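The values are calculated or read from the model by the stated rules, or taken from the named source; none is laboratory data. All of these numbers come straight from a predicted model, not from anything done at the bench. Reconstructed Cβ throughout: ideal geometry from the backbone, glycine too, with neighbour counts over all protein chains shown.
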């Protein structure tokens, strides 16, 4: 090569020697592949993939936002990107909300990169930079006691370096938190006042008044009862009837009956809410007494003036609870006396004054109350 140079250019031997030395010297001045001067053009070529950068700006801080947009636009000058500005009334309060807005802006504008800045603080700026899909986000804080222009300039440099990093395929920042799902408000029912302890009603009393069939005559009077609990649904009771005198007026004589029966009862009782249902059986004993007043001289009363009567009983009833310790009661039943012989007086002929029924119905209404 040196001979060719000497022949064609007709150089002096010293010039040819110098050219040969230069050609044989190693090319140390040529930049290597790792030199930043080689990388920057590659970054700029890759930056073409970003194509568009969207800046989200808040109208409630329009003056500061306008200044920040101008500073960022100046730093991006010369880079193969276009910048669009999307105005919102104000930035969302939470980061998930801001990321949601960034995704919407990227979808609407086709931006590959979305950035926004919190300019509300007097001496600090928070800048947020996200890929268009908001898959990752970079957050930086610029804090200084200098002028706002210096903070904006520092922020715009962060934006420029982030654009270059994303263009080179680098990962920035972190994955944003997922958007919070709307939480269904739990309807809190008002706390109910504690229920009063259920009364055990070991012993109850009952006062009632009713009408009692006897025969063609009807008597009425009061009944007093006392019952004790044996099982939750079973009670045993003792009752007493104080009936008004019953008059049987015949053609020849007037017969007045006095009745004070005493009974023992077994009662099955169920209750649902305020309503109660009961049924039972019993046995009653009474010494039936009477007096005869003749209407004629020839009428003679029989020597018998009293009679022991035993009667079986069956009944059913309803109750309605007024308060925890008291209830209204209604009871229907029948008495089945073992002795139903008629009552007669002796005159010129035997005269029947009263004829007891073999089945004697009755009805009672009253008040039941718990003693303890």
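Please give the number of the condition residue 127 fails out of (1) exposed (fewer than 15 other Cβ atoms within 10 Å of the Cβ); (2) under 25 Å from residue 78 (Cα atoms); (3) touching a residue at least 24 places away in the same chain (Cβ under 8 Å).
Every condition holds for residue 127 apart from (1).
Counting only residues that are under 50 Å from the mean Cα position of the chain (by Cα) and not in a strand (DSSP E or B), which one in region 223-274 is nearest to residue 309 (Cα to Cα)?
It comes out as 230.
Out of the residues in region 226-241 that are over 12 Å from residue 264 (Cβ atoms) and without any contact (Cβ under 8 Å) to a residue 24 or more places away in the chain, which is surrounded by the fewest Cβ atoms within 10 Å (Cβ to Cβ)?
Residue satisfying both the conditions and the ranking: 231.
If I ask for residues that are within 24 Å of residue 94 (Cβ to Cβ) and surrounded by fewer than 15 Cβ atoms within 10 Å (Cβ to Cβ), which ones from region 140-151 would you list?
Across region 140-151, the qualifying residues are 141, 143.
If you check residue 49 against the conditions, is it at pLDDT below 85, outside any helix (DSSP H, G or I) and in contact with a helix residue (DSSP H, G or I) (Cβ under 9 Å, 6 or more places away or on another chain)?
Yes: the conditions hold for residue 49.
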